[in-house]
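Read through the structure below, which is laid out as structure tokens, and then see the notes.
Derivation of every value follows stated rules applied to the coordinates shown; laboratory data play no part. These numbers were taken from a predicted model, which means no experiment stands behind them. Quick reminder, even Gly has a Cβ in these numbers, built from the backbone with ideal geometry, and neighbours come from all protein chains shown.
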Amino acid sequence: MARTATVEPLQIRILLLPLIWGAFGIGEVLALNYLFGPVASNIPYPANDKPIGGSYLPVLFFNVAALVAVISFSLYSLGIWNIDFSSRKVRTDITALGIMFASGILVFYYAIFLFPLAGALVYFLATNIE
């Protein structure tokens with residue numbers, strides 16, 4: 001009986017993998033379509049468009065955030081990474097990571113988001129020095 005009690009949660013976690021990767025793929029397509037718009041209408045770029053700061057870097061931040069989330073959900077599903085949300089530091093780290101990625105995307109649209117981005121980076125530098 002003890003073996004089935006430990007196998008069933010792991011099987012449920014492994015069954016989450018196709019859902020996680022499918023949601024990642026569909027979400028990436030929808031988000032890139034939202035950030036870039038339809039590709040056919042963006043060719044050619046207008047004369048005042050700034051492709052590096054206007055679209056490439058926010059999409060890069062989105063892709064990095066999405067890949068970190070998918071890899072962490074995959075590691076959790078496989079049972080390699082067991083996150084403990086009862087720890088205050090873990091909750092604060094995940095919140096700071098979310099703020100960092102959201103600010104990284106939004107800083108290219110509104111300059112005010114540079115401050116939460118810098119604050120999250122300083123938090124990680126201050127708390128993870130060992």
Residue-ordered couplings for segment 62-77, obtained by feeding phi - 60° into the Karplus form 6.51 cos²θ - 1.76 cosθ + 1.60 and rounding to whole Hz (Gly and Pro as x), are 5, 5, 5, 5, 5, 5, 4, 5, 5, 5, 5, 5, 5, 5, 5, 5
So, with points 7 Å from each Cα along the Cβ direction, the Y110-L67 label distance in nm works out to 2.8
For segment 108-115, in residue order, the Karplus 3J(HN,Hα) values (coefficients 6.51, -1.76, 1.60; θ = phi - 60°; whole Hz; Gly and Pro = x) are 7, 9, 9, 5, 4, 6, 5, 5
The local net charge around W21, scoring Lys/Arg +1 and Asp/Glu -1 for residues other than W21 whose Cβ lies under 15 Å from its Cβ, equals 0
So, with points 7 Å from each Cα along the Cβ direction, the A126-I12 label distance in nm works out to 3.9
